[in-house]
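The values are calculated or read from the model by the stated rules, or taken from the named source; none is laboratory data. The structure presented is a predicted model; accordingly, all values stated were derived computationally and were not measured. A quick note on method: Cβ atoms are made from the backbone with ideal geometry, for glycine too, and the neighbour counts reach across all protein chains shown.
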Amino acid sequence: MLSKTPIAIAWMPGVLACACVLVFLAGSAAAQTDTGDDEESALAKATQNPVGDLISLPFQNNTLFDIGDHDRSANTLNIQPVIPVKAGRWNLINRTIVPVQYQPDMQAETGGTSGLGDINHTLFVSPAVPGAVIWGVGPSVTLPTSTDTVLGSGKLSLGPSFVALTMRGPWVVGGLVNNIWSVAGDSDRSDVNFFLFQYFVNYNLNDGWYLTSAPIITSNWEADRGERWRVPFGGGGGKIFRIGSQPMNFQSQAFYYAVTPDTNPAPAWELRVQLQFLFPQ
């Protein structure tokens, strides 16, 4: 449901966070006057294309704050290798998410469960020579690999996934959507019918700096009507840099949850920090 604060107020923390990052990055790029793509900026755009021909290894850490009556924090480190394979006129983009999680005990001020969550793999099929609109489509599969019942669904789930984006000047704008359903697994566990939508808006500055907003909106269709949606707002920024000859991408984003379930414990804030190793072909 909508948070108890009015919508206008709910938007304010995310807007302020974006403004602070904008001021910081604009100051860092103030000495740059050329708006053309340099090598680092071109690489930044490549990282913002989910179906681009770029091998990468992101380590993405997501911390959720102020969950439940005891204001607990949860944490997920997603290890997300991306491996594209060319097949004639098509690219096959393999994207895997391996979550290492900490889930707090919501009924206590201390304690929790750590371990491996459910691994997800998505295979996008995308044209090797993209047009004005870049797109990819394919299956998404979630495996019941969690080391504890708290950390996963106990179900094998699958469904379709679709992504589309466009690049115009310094802008990279698009969205990714999927829905998965459980097809096998522990019969004592709840069925899975889970929707995910992630829009992304990137504005690229010079020298590999960029602004970004990429919140993940989800809905659990198996839950009661007021318990389904989680909708965060916010954004941040990042930069392409190198350690020796190794190109890397660092970014950070902050999100405020303006829409959360009525009663199920949900976060008020999220901090996402990502370090990504890049291997241009």
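The table below gives the values:
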| read-out | value |
| --- | --- |
| Subset of region 120-140 that is touching a strand residue (DSSP E or B) at 6+ places or on another chain (Cβ under 7 Å) and assigned to a loop (DSSP other than H, G, I, E, B) - its residue that is surrounded by the most Cβ atoms within 10 Å (Cβ to Cβ) | Ala128 |
| Residue pairs meeting the criteria (Cβ under 8 Å; at least 6 apart or on separate chains; first among the β-branched types (Val, Ile, Thr), in region 103-121; second outside any strand (DSSP E or B)) | Thr113/Asp105; Thr113/Asp148; Thr113/Val150; Thr113/Leu151; Ile119/Thr145 |
| Residues of region 227-243 classified as buried (at least 18 other Cβ atoms within 10 Å of the Cβ) and among the charged types (D, E, K, R), total | 3 |
| Any pair with Cβ under 7 angstrom, 6 or more apart, that starts in region 222-233 at a residue that is closer than 15 Å to Leu64 by Cβ and free of Cβ contacts under 8 Å to residues at least 40 places away in the same chain and ends at one that is surrounded by fewer than 17 Cβ atoms within 10 Å (Cβ to Cβ) and among the hydroxyl-bearing types (Ser, Thr, Tyr) | Arg230/Thr218 |
| Matching entry among Val15, Val23 (being touching a strand residue (DSSP E or B) at 6+ places or on another chain (Cβ under 9 Å), in a helix (DSSP H, G or I) and modelled with pLDDT under 95) | Val15 |
| Gly115 being touching a helix residue (DSSP H, G or I) at 6+ places or on another chain (Cβ under 6 Å), of a type outside the set (S, T, N, Q) and either surrounded by 15 or more Cβ atoms within 10 Å (Cβ to Cβ) or in a strand (DSSP E or B) (or both) | yes |
| Matching residues, region 38-85, being closer than 19 Å to Asn204 by Cα and free of Cβ contacts under 8 Å to residues at least 24 places away in the same chain | Glu39, Ala42 |
| Unique residue being among the polar types (S, T, N, Q), within 20 Å of Thr47 (Cβ to Cβ) and either in a strand (DSSP E or B) or in contact (Cβ under 8 Å) with a residue 12 or more places away in the chain (or both) when the list is Ser157, Ser161 | Ser161 |
| Qualifying positions in region 204-219 - under 17 Å from the mean Cα position of the chain (by Cα) and part of a strand (DSSP E or B) | Tyr210, Leu211, Thr212, Ser213, Ile216, Ile217, Thr218, Ser219 |
| Qualifying residues in region 141-152 (those that are β-branched (Val, Ile, Thr) and assigned to a strand (DSSP E or B)) - the one nearest to Arg89 (Cα to Cα) | Val141 |
| Residue tally, condition within 17 Å of the chain's Cα centre (by Cα), buried (at least 19 other Cβ atoms within 10 Å of the Cβ) and closer than 30 Å to Gly112 by Cβ, over region 141-165 | 1 |
| Unique match (being hydrophobic (A, V, I, L, M, F, W, C) and under 27 Å from Ala74 (Cα atoms)) among Val177, Val163, Val173 | Val177 |
